[in-house]
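Nothing in this text is a laboratory measurement; each read-out follows from the coordinates by a stated rule. All values reported here derive from a predicted model rather than from experimental measurement. Methodologically, a virtual Cβ is constructed for each residue, glycine included, from the backbone with ideal geometry; neighbour enumeration extends over all protein chains shown.
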Amino acid sequence: MTLIYLDGQWLDRESAKVSVFDHGFLYGDGVFEGMRVYGGKTFRLQEHVERLYDSAKAILLTPPIGQEEMVALTEEGVRRAGLQEGYLRHVVSRGPGDLGLDPRKCLRPTLVIIFDRIAVWPPERYEEGLVLITAGTPINQREALSPRVKSLNYLNHIMAKVEATNAGADDAIMLDATGHIAEATGMNLFLLRKGTWFTPALHSGLLRGVTRDTMIELIHEAGHRVVETVLNRYDLYTAEEAFLTGTAAEIAPIRSVDNRVIGIGKVGPLTADLRARFHRLVRS
Ligand code: PMP
């Protein structure tokens, strides 16, 4: 059952309603998080809550409750919803205001937490690997709103996703304005070349994924090196293995990018090992 926390109330899907004057709705003025629940426990809850508050701070938005209370509220919701396996969506928006941009007119921020489930791709996609393209829509410039902020403005990423689906692909890799690889539309990227793992550096303009951080730990645990650096399409086309990481889709192997088949064209052995390590970790 879907459960929703909305500004102090516990509601169901039908009764949870937000004002049309909410600046989250009118202007995308707000921030969000996506978390997963495994075996009744929210994975890396602390890290996700910290990122939510960092995102809010970056846009001068003060959530209506503190971080500790947010952690406790999240745990309470997971219990109330009876979630063993689930997906959570936290949204803090500027709140209801008037039709102008001025956030001072928004007297209190809106807090929503949705306790639900998610399935991004069917199981066979994880065995076959994803078919990707590189998107013509670039990532938001670092000099504009930082891509480190998980804001309610996802239009670039949505346009890149539309490019992918129009091309018959599963997802798109987004580049920065200089052509360096940043991330997929809602996931981070890892690729293997000559026995070393690479992932785009944070300064390539990407969201610092909690799963990305987890994967860096797991690669070290597996006894391999991982380098955070500038990568381009050539590095990806010629990779031996590659996969995407994200809370919702977890670890998704890549089959091809722009019609270049990656490695053996199915899940590589090191990717399979890291996926297995990830699944063990989240259930430990
Ligand atoms: N990049 C973007 C743009 C995302 O929306 C997400 C999903 N939150 C990620 C990367 C992956 O982050 P995480 O591992 O924290 O889910």
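Here are the numbers for this structure:
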item: Most fluctuating residue given options LEU132, LEU101, LEU175, as computed from a GNM of the chain linking Cα atoms under 10 Å; result: LEU101
item: Residue-wise HN-Hα coupling along segment 67-79, computed from phi with Karplus coefficients 6.51, -1.76, 1.60 (Hz; x: Gly, Pro); result: 4, 5, 5, 5, 4, 5, 5, 5, 5, 4, x, 4, 5
item: Largest-first ellipsoid semi-axes for segment 3-116, taking √(5λ) over the Cα gyration tensor eigenvalues, angstrom; result: 25, 16, 10
item: Cα-based Rg of segment 123-282 normalised by 2.2 N^0.38 Å, two decimals; result: 0.95
item: Separation of the SER146 and ARG233 label points, Cα + 7 Å toward Cβ, nm; result: 3.0 nm
item: Karplus (6.51, -1.76, 1.60) ³J(HN,Hα), θ = phi - 60°, over segment 141-155, in Hz, Gly and Pro reported as x; result: 5, 4, 6, 8, 5, 4, x, 6, 7, 8, 9, 6, 9, 10, 5
item: Pairs from LYS161/LYS266; LYS17/LYS57; LYS150/LYS194; LYS41/LYS150; LYS17/LYS161 whose Cα-Cα separation, in the structure shown, is over 31 Å; result: LYS150/LYS194
item: Percentage, to the nearest whole number, of Cα pairs in segment 222-284 over 17 Å apart; result: 46 percent
item: Estimated FRET transfer efficiency (ARG89, ALA222; beta-carbon r; R0 35 Å; 0.05); result: 0.65
item: For ARG36, residues with placed amide H under 5 Å, excluding near neighbours; result: PHE43, LEU88
item: Contact order normalised by residue count of the chain, Cα under 8 Å, 6+ apart, percent; result: 18 percent
item: Isotropic mean projected area of the C-alpha convex hull, the chain (nm²); result: 14.8 nm²
item: Segment 154-210: equivalent-ellipsoid semi-axes (sqrt of 5 x gyration tensor eigenvalues, Cα, Å); result: 21, 14, 10
